[in-house]
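Here the structure is laid out as structure tokens; the discussion comes afterwards.
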Amino acid sequence: MEKVSVCIVLAPATLEAGGQDYYKTVYKPLASYLYKHSECKFSFIYGGPQLVWLKKKHPEFLSLVAQLAGKKQVEILGGGYYDPVFPLLSPSDRSGQIELLSSELRQVFGKRPRGMTLCASCWDTSLISGFQTCGMEYVLLDSALIPPKKQRYLPIITSEKGKYLTVLPYYEELLPDIQVDPAQYADHIADFVCASAHNDSDDGCGGRIVTLMFTPEQVAGLMQSGWFEQFLQAVAACDKLEFTLPGVFVRNARVHVPGYIPAGMCKDIAGWSLEPYTQVKPDGSFPVTIHDFLETYPLHHALYDRMFYVSMLISQTHGDKMRKKAAHEKLLEAQNGSAFVCQPLNVAENAEKRRKAFSSLIEAEKLIRESTEFHESITVFDYNGDGLNEYICQMNQYTAGISPEGGAVFSLDIMKNAGNYTDTMRRLESFDGVADRYFRGLFVDHLMDTADFENYLKGRPCGREVFACSRYEQTGFSSQRREIYLCAKGEFSSLREPVSLRKNYMLRSEGFSVQYIIKNESPLSLDGVFVVECNLAQPDSSPFYTQEFVAAGKRMSINGYEQPYTVLPEVSVMQVADSSNGLSFILEPNENCRVTTAPVIYRRPAAAGRISDAGMSYMLSLFWDVHLGPGMEIEKTVNFNIYLSRRRSSKQKTQA
């Protein structure tokens, strides 16, 4: 009976933050052990940022690993440079990510990789052709993606349109418990695989392989107790097991299992992909894919939409080749998989990763603008794949997206690399106690009666949200004049009085104006409150904005974080400043209004099942009392300007 091959793989660590701890507890002791025990074989995964960190901080470690790789004791696996979610990328970006990392690995270790891993095992059969073109012979996937009948501890060969790729499953369910004796654990693996093999028509367990992928955190815990070294020694001494490298095994494999592997993703992420921030076991009737995850978490979907839009801009640009290349590099940087897919237990950390991704996408768009003669424009197309046409406005200082859903601004990227200012969540009943029915973007409209408005000023949802959840229809459009004309209809109060709202955007280089015309379409008088709500994203739960107002002719400031929902009367100008990024938003209504501000706190599950504060957005609402007779209408306009402050140079500060 042949021995069962054991392939041990170490997943990449995030070395940019706290990397020295990982180096001391995992990488350095593991490399030292392998150098002293040539019978042990090991596989490493390094992403581009990890390689850059190691080259800068510990080049001696990479030299040692290169020596071990030259002795065929260590194999370095490839993938995408920024560990992207491959099914979300265009074919050219997939190849770009793989080639960028493969070139780096060849430079450091002297050999191109022949195998690769995927972020969160996000898989789709359309990847096969591109992977093969990039020289990849096999890929490691979570065993949860493999159909049960194909889980025989053999390499699986899968195909798509005449292209073939070998798949090696890794088995999270076989990862060890520190309480189990290492020698007993090694025997358990051998006996388990052999028992499974005897159920096949192929007798014995020859040619079988078990791939175990450990995270750096798991290895750190096992090494501190000495368990991991004892396990490596137990495998080396076991007469039923032997170490192998995935590339060596694939080249020498005598038996393959042909099989179709449908689209899917790793089990850990799939469990969070069906209900927001709730772990649910999939029923198995359909595989859970990355697109299910994006539909469940709209903020991740918004980042995907923005990424694909910038990718489209780059592919259509024929200007300065050097700037286009630099823009493509920034695009690849923004495709870091940790910003798109994650276990959603640390919302604040993921918000920061999304902010960095948005910032890289802004930088890419700026380079594209510089590579050719830029003209301000408004384009109309289905930007986010919802079946409706959105308006994408490219102005000198910003790029904004306007949706027919609520007629709101759903995306605002300032061309100063500050991120997307509408990267805001919705409150959820199960965690926040209240549920928002509308997206908390910019220029969300409400028409409320007195009772609903009182609830609104207490942070509670309104009973009847007129216009915030309405779908606006286009009544006019002029790309040349940069004007968008929208209209929505609704029913006001318990009397269901028909009312209409015309909403017109007039866009400028440094901002835009929004004109509202409310008309009472009923035979009865209408008395209510018209609210224009603007929500600005914050990357964490700390105060981020400062506010100043001109109220009743006097300049004043109010801390909306400490005094939420305080009502200021007779406001003519308001400024919300983001001093950390050096810009301000100035809102100026054509008629004095009342204003209220407040932080909107979002609570989400964290580790160990706790529900805690996970994020915040800053809400600024302008409102007017509305009294309309039958058939009458009223007009309001709000000017929204983006002011970029110019920071003084050190020389200017010295002179001052």
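The values are calculated or read from the model by the stated rules, or taken from the named source; none is laboratory data. All figures in this text were calculated on a predicted structure; none of them were measured in a lab. Cβ atoms come from the backbone with ideal geometry, glycine included; neighbour counts cover every protein chain shown. Accessible surface areas use protein heavy atoms only, side chains included; no ligands, DNA or RNA. Shrake-Rupley method; radii C 1.70, N 1.55, O 1.52, S 1.80 Å.
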1/(1 + (r/R0)^6) with r = Cβ-Cβ of Glu2 and Lys325, R0 = 45 Å, i.e. FRET efficiency to nearest 0.05, evaluates to 0.35
Here segment 264-273 yields Karplus 3J(HN,Hα) values (6.51, -1.76, 1.60; θ = phi - 60°; whole Hz; Gly and Pro given as x) of x, 8, 5, 4, 4, 7, 4, x, 9, 9
If R0 = 56 Å, then Thr379 and Ser225, at their Cβ-Cβ distance, give a FRET efficiency to the nearest 0.05 of 0.45
Taking a straight Cα-to-Cα line shorter than 18 Å from Lys325, and setting aside same-chain aspartates and glutamates fewer than 8 residues away, one finds Asp93, Glu99, Glu104, Glu333, Glu363, Glu365, Glu370, Glu373
For Arg426, other-chain or 5+-apart residues with amide H closer than 5 Å (H placed, Pro excluded) are none
On each of the three principal axes the extent of the alpha-carbon atoms of segment 286-367, given in whole Å and largest first, is 43, 29, 15
The answer for segment 1-82, accessible area per residue at 1.4 Å probe in Å², is 41 Å²
The ³J(HN,Hα) series, computed from each phi in segment 139-148 with the Karplus coefficients 6.51, -1.76 and 1.60 at θ = phi - 60°, rounded to the nearest Hz and given as x for glycine or proline, is 9, 8, 10, 4, 4, 5, 7, 7, x, x
Length gained if Ser494 through Ala607 is fully extended, taking 0.36 nm per residue and subtracting the Cα-Cα distance, is 36.3 nm
Taking a probe of 1.4 Å and leaving out DNA, RNA and ligands, segment 105-163 shows per residue an accessible area in Å² of 41 Å²
Scoring segment 71-160 by relative contact order with C-alpha pairs under 8 Å, at least six apart, yields a percentage of 29 percent
For segment 248-263, in residue order, the Karplus 3J(HN,Hα) values (coefficients 6.51, -1.76, 1.60; θ = phi - 60°; whole Hz; Gly and Pro = x) are 5, 5, 4, 5, 9, 5, 9, 10, 10, 9, x, x, 9, 10, x, 4
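Summarise the accessible area of the chain (1.4 Å probe, protein heavy atoms) by the percent that is carbon and sulfur.
Values: 13860 of 28070 Å².
Answer for the chain: carbon and sulfur cover 49 percent of the accessible area.
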For segment 438-592, using Cα atoms only, the Rg and Dmax in Å read 17.1, 52
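Going through segment 37-95, which GluC sites (Glu not before Pro) have at most 15 other Cβ atoms within 10 Å and a DSSP loop state? List each step's numbers first, then the result.
Numbers: sites: Glu39, Glu60, Glu75; in loops: Glu39.
Taking segment 37-95 and a limit of 15 other Cβ atoms within 10 Å, the loop GluC sites (Glu not before Pro) found are Glu39.
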Measuring from its Cα centre, the chain shows a charge dipole (+1 at each Lys and Arg Cβ, -1 at each Asp and Glu Cβ) which, in debye to the nearest 20, is 2160 debye
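Compute the length gained on full extension between Leu174 and Ile157: take 0.36 nm times their separation in residues and subtract their Cα-Cα distance, giving the result in nm to one decimal.
So the chain would gain 3.9 nm between Leu174 and Ile157.
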Violations at 19 Å Cα threshold for listed pairs Lys28/Lys240; Lys3/Lys36; Lys150/Lys267 -> Lys28/Lys240; Lys3/Lys36
Each label sits 7 Å from Cα toward the beta-carbon; between Tyr164 and Val248 the label points are separated, in nm, by 2.4 nm
Computed over the chain, the relative contact order (Cα-Cα under 8 Å, seq sep at least six) in percent reads 10 percent
One computes Rg over Rh for segment 514-656 from alpha-carbon atoms, with the Kirkwood Rh, and obtains 1.09
Shape descriptor, the chain: equivalent ellipsoid semi-axes (Cα gyration tensor, sqrt 5λ, whole Å, largest first) stand at 54, 26, 24
Rounded to one decimal in nm, the spacing of the 7 Å Cα→Cβ label points at Ser509 and Gln107 is 4.0 nm
At q = 0.28 Å⁻¹, the log10 of I(q)/I(0) for segment 355-425 from a Debye sum over equal Cα scatterers comes to -1.31
Order by accessible surface, 1.4 Å probe, largest leading, for residues Leu442, Leu495 comes to Leu495, Leu442
Here FRET efficiency (C-beta to C-beta, Asp21 to Glu454, R₀ 35 Å, nearest 0.05) is 0.10
Looking only at aspartates and glutamates whose Cα falls under 13 Å of Lys72's and that sit 8 or more positions away or on another chain, we get Glu39
Ignoring ligands and nucleic acids, Glu562 exposes an accessible area, probe 1.4 Å, in Å² to the nearest 10, of 150 Å²
The answer for chymotrypsin sites (Phe, Trp or Tyr not before Pro) in segment 343-385 that fall in a DSSP coil and have at most 16 neighbouring Cβ atoms within 10 Å is Phe374
